[in-house]
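The values are calculated or read from the model by the stated rules, or taken from the named source; none is laboratory data. Just so it is clear, the structure is predicted and the values come from calculations on it, not from any experiment. Backbone-built Cβ (ideal geometry, glycine too); neighbour counts: all protein chains shown. Areas reflect the complete protein model, heavy atoms only, side chains present, ligands, DNA and RNA absent. Shrake-Rupley method; radii C 1.70, N 1.55, O 1.52, S 1.80 Å.
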Amino acid sequence: MSAPIITVTEVPWEHPQAATLRDAQRAEIDAMYGPGSEPGVAPSASDIALFLIAYVADQAVGCGGLRPLEPGAAELKRMYVVPDWRGRGVSGAVLAALEQAAVARGWRTLRLETGPKQAAAIRFYERSGYVPIPGFGAYADEPMSHCYQREL
């Protein structure tokens with residue numbers, strides 16, 4: 001079986017497939033940690049500089065975005081892969097595209113937050129060169145927040 005051809009495309013925050021993927025991600029997080037478990041301000045069209053969707057053929061299979069932090073730094077937001085497509089290169093394709101876009105925008109530091117029940121995500125980020133850091137921003141005093149950073 002050959003590897004799927006994954007294309008990653010920038011879309012507006014309001015794009016219907018982007019909204020569907022983000023809703024699925026929030027439902028999964030709410031099932032793990034309970035509703036309303038997101039520390040800080042939820043991302044929105046007003047603070048996400050870039051949002052990407054990964055496609056296999058015309059099927060939206062993953063997504064991720066970048067929210068600017070301080071000069072030179074951004075946060076990965078709403079990284080998600082549809083369960084049937086996990087382990088097939090989608091997250092790597094989205095992350096690579098986000099990192100490339102960050103560098104193009106002058107952001108050399110990427111940060112992210114995840115939780116202890118997301119072991120696969122933690123392994124993925126650590127394999128991708130992200131290192132644990134103390135909580136930042138809204139996550140600073142959140143015991144369930146696991147924060148990571150990578151210098152690009």
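Please give the per residue volume of the convex hull enclosing the alpha carbon atoms of the stretch 85-152, rounded to a whole number of Å³.
Per-residue hull volume (Cα only) is 88 Å³.
Add -39500 (n - 2.57) for each DSSP H run of 4 or more in the chain, then divide by its residues: what number comes out at 222 nm, to the nearest 500 deg cm²/dmol?
Counting only the DSSP helices, I get -9000 deg cm²/dmol.
Answer with one residue from P143, W107, V82: the one whose Cα lies farthest towards the positive end of the charge dipole of the stretch 78-152, charges on Cβ with Lys, Arg +1 and Asp, Glu -1.
Farthest towards the positive end: V82.
For the stretch 1-73, how big is Rg over Rh, using alpha carbon atoms and the Kirkwood form of Rh?
Taking Rg over the Kirkwood Rh, I get 1.02.
For every other residue with a beta carbon closer than 14 angstrom to the beta carbon of P134, add +1 if it is Lys or Arg and -1 if Asp or Glu, then tell me the sum.
Once positives and negatives cancel, what remains is -2.
With springs connecting C-alpha atoms under 10 Å apart, model the chain as a Gaussian network and identify which of I122, I133, I53 has the largest mean-square fluctuation.
I133
Roughly to the nearest percent, how much of the accessible area of the chain is carbon and sulfur, given a 1.4 Å probe?
Using a 1.4 Å probe with all protein chains present, the chain comes out at 55 percent carbon and sulfur.
Counting heavy atoms of the protein chains only and a 1.4 Å probe, report the per residue accessible area for the stretch 1-70 as a whole number of Å².
Heavy-atom accessible area per residue stands at 52 Å².
Does anything in the stretch 34-62 have its amide N under 12 Å from the 7 Å Cα→Cβ label point of E10, and if so which residues?
49-53
Pairwise over distinct Cα atoms, reciprocal of the mean inverse distance: report the Kirkwood radius of the chain in Å, one decimal place.
Kirkwood radius, the chain: 15.6 Å.
Which order do the peptides 2-8, 141-147 take when ranked by the mean count of other beta-carbon atoms within 10 Å per residue, highest first?
Result, highest mean Cβ count within 10 Å first: 141-147, 2-8.
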